[in-house]
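The values are calculated or read from the model by the stated rules, or taken from the named source; none is laboratory data. The structure displayed is predicted, hence computed values, not measured ones. All Cβ positions, even for glycine, are placed from backbone atoms using ideal geometry, and neighbour counts span all protein chains on display. These area figures cover heavy atoms from the full protein model, side chains too; ligands, DNA and RNA do not enter into them. Shrake-Rupley method; radii C 1.70, N 1.55, O 1.52, S 1.80 Å.
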Amino acid sequence: KQWYQRRVAITAGGFTYDTSDLAAIKYRMVTNEADWGIYVVDSGQGLHFKLLFSAAKKIGLIKPEQKLSHVGFGVVLGEDRKKFKTRSGDTVKLKDLLDEGLQRADKKIREKEEIKKEKGGAGLLSEEEIISCRDAVTYGCIKFADLTCTRTNDYVFSFDKMLDDKGKTAVYLLYALTRIRSIARNAGKSREELLKHAQENPLNLEHEAELRLAKMLLRFAEVIEEITGTLQPHTLCNYLYEISTAFTYFYDNCYCIQKDRETGEIIKIHMDRLLLCEATARVMEKCFNLLGIKTVSRM
């Protein structure tokens, strides 16, 4: 009560951050009847929100069944491990950061397209696909790099690491997803055909790699429940990488499509394994969606 009187009830019609924040809490929790208010603000404001939430409860803005949470996060550092700034010492603007990311991603994608041309031109992307891929990679990489670290820790910002197509990066994971999607396309099977097969036939998984991947996919609900409690999105990033790793092991050990070595014609299609590919792609797409990262069909 003393804190409330000292920080909020001031004269001359003025108001402070505390007044504004309490008014916002009243609007969200009383007027809109929100169940849960989550404030994503840097960790340096931890004490402010602790006092603010306490005051809101004491003056009756929060019901017992409602709750407020402060999701604090660390500082972004440059590669010199100092606070991320421009060479002149100014704060880096998000627009400038995204523009640089687009330029770097565009250059890297076009370089890879040139390599494809030198090897015969198979699988070349159209200009529209290049732009779509560039945007997805740029925004996805920056988001993933930000979310993949424990949010309360500081992290080093590096475009070179973000755009790396190996390791736990958005580029690697987006590429893994496009590769999974290409398996069904190469087999000539649509999602509708796979769904029909799943409805009419029991799923038969025998190989250790198949079972390992299936068990990984079954953890999806458990991971989402954990994140809802901890508000730590890096758990979902880790899970996404674990799925990709499990799929790589499965793909290396289990043929989904068998072809004649001489003619290249398809001899046999393992429908159960294609279904596992479809399930993997769907779970990965849901993870990307929850992380706010757009996927592409080809890279």
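How much length is gained if the chain between SER54 and ARG212 is pulled fully straight, taking 0.36 nm per residue apart and subtracting their Cα-Cα distance, in nm to one decimal? Don't skip to the end; give the middle numbers.
Working: separation 158, 0.36 × 158 = 56.88 nm, distance 4.65 nm.
Gain in length upon complete extension: 52.2 nm.
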Backbone HN-Hα couplings from phi across segment 184-200 [Karplus 6.51/-1.76/1.60, Hz, Gly and Pro as x] = 5, 4, 5, 7, x, 10, 8, 5, 5, 5, 5, 5, 4, 5, 5, 6, 9
Sorting SER158, TYR251, HIS197 by the position of each Cα along the dipole of the chain (Lys, Arg +1; Asp, Glu -1; all at Cβ), the one nearest the positive end of that ordering is SER158
Using label points projected 7 Å from each Cα along Cα→Cβ, tell me how many nm separate SER20 and ALA198, to one decimal.
-> 4.8 nm
Estimated inter-spin distance, GLU262 and VAL156, nm [label 7 Å along Cα→Cβ] | 5.5 nm
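Pull up the DSSP beta bridges for the chain and report the antiparallel fraction as a percent, rounded to 5. Don't skip to the end; give the middle numbers.
Details: 5 of 12 bridges.
Of those bridges, close to 40 percent are antiparallel.
Kindly state, to the nearest 0.05, the FRET efficiency for VAL41 paired with LYS95, given R0 = 25 Å and r defined as their beta-carbon distance. All intermediate terms of the calculation are to be shown ahead of the outcome.
Values: r = 21 Å, r/R0 = 0.85.
Working from the Cβ atoms, E equals 0.70.
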Once you charge only the Cβ atoms, +1 for Lys and Arg and -1 for Asp and Glu, what is the size of the charge dipole of the chain about its Cα centre, to the nearest 20 debye?
-> 1040 debye
Using only Cα atoms, locate the centre of segment 272-299 and the centre of segment 119-190, then give the distance between them in Å, rounded to an integer.
-> 12 Å
Beta bridge orientation in segment 30-156: antiparallel %, DSSP, nearest 5 = 20 percent
How much of ARG191 can a 1.4 Å solvent probe reach, expressed as accessible area in Å² and rounded to 10?
-> 100 Å²
When the Karplus curve 6.51 cos²θ - 1.76 cosθ + 1.60 is applied with θ = phi - 60°, which whole-Hz ³J(HN,Hα) does each residue of segment 55-64 get, with x for Gly and Pro?
-> 5, 4, 5, 5, 9, x, 7, 10, 7, x
What figure in square angstrom, to the nearest 10, would you give for the accessible area of MET271 with a 1.4 Å probe?
-> 40 Å²
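Ignoring ligands, DNA and RNA, how do MET299, MET162 rank by accessible area with a 1.4 Å probe, largest first?
So, going from the largest accessible area down, we get MET299, MET162.
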Please list, in chain and number order, the residues 5+ apart from VAL71 or on another chain whose amide H is under 5 Å from its amide H, with Hs placed from the backbone.
-> TYR39, VAL40, VAL41
Taking the Cα-to-Cβ direction at THR228 and at GLN103 and moving 7 Å from each Cα, how far apart do the two end points lie in nm?
-> 4.4 nm
Cβ-defined net charge surrounding VAL40, 12 Å radius [Lys, Arg +1; Asp, Glu -1] = -1
Averaged per residue, what accessible surface does segment 18-159 expose to a 1.4 Å probe, in Å²?
-> 62 Å²
With every protein chain present, what accessible area does LYS143 have (1.4 Å probe, heavy atoms only), rounded to the nearest 10 Å²?
-> 90 Å²
Listed values [x] 24.7, 88; [y] 24.7, 78; [z] 22.4, 74, entry calculated as Rg and Dmax of the Cα atoms in Å | [x]
How high is the FRET efficiency between LEU77 and ASN32 when r is their beta carbon distance and R₀ equals 22 Å, given to the nearest 0.05?
-> 0.05
Residue separation times 0.36 nm, minus the C-alpha to C-alpha distance between LYS166 and SER297: what's the value?
-> 45.3 nm
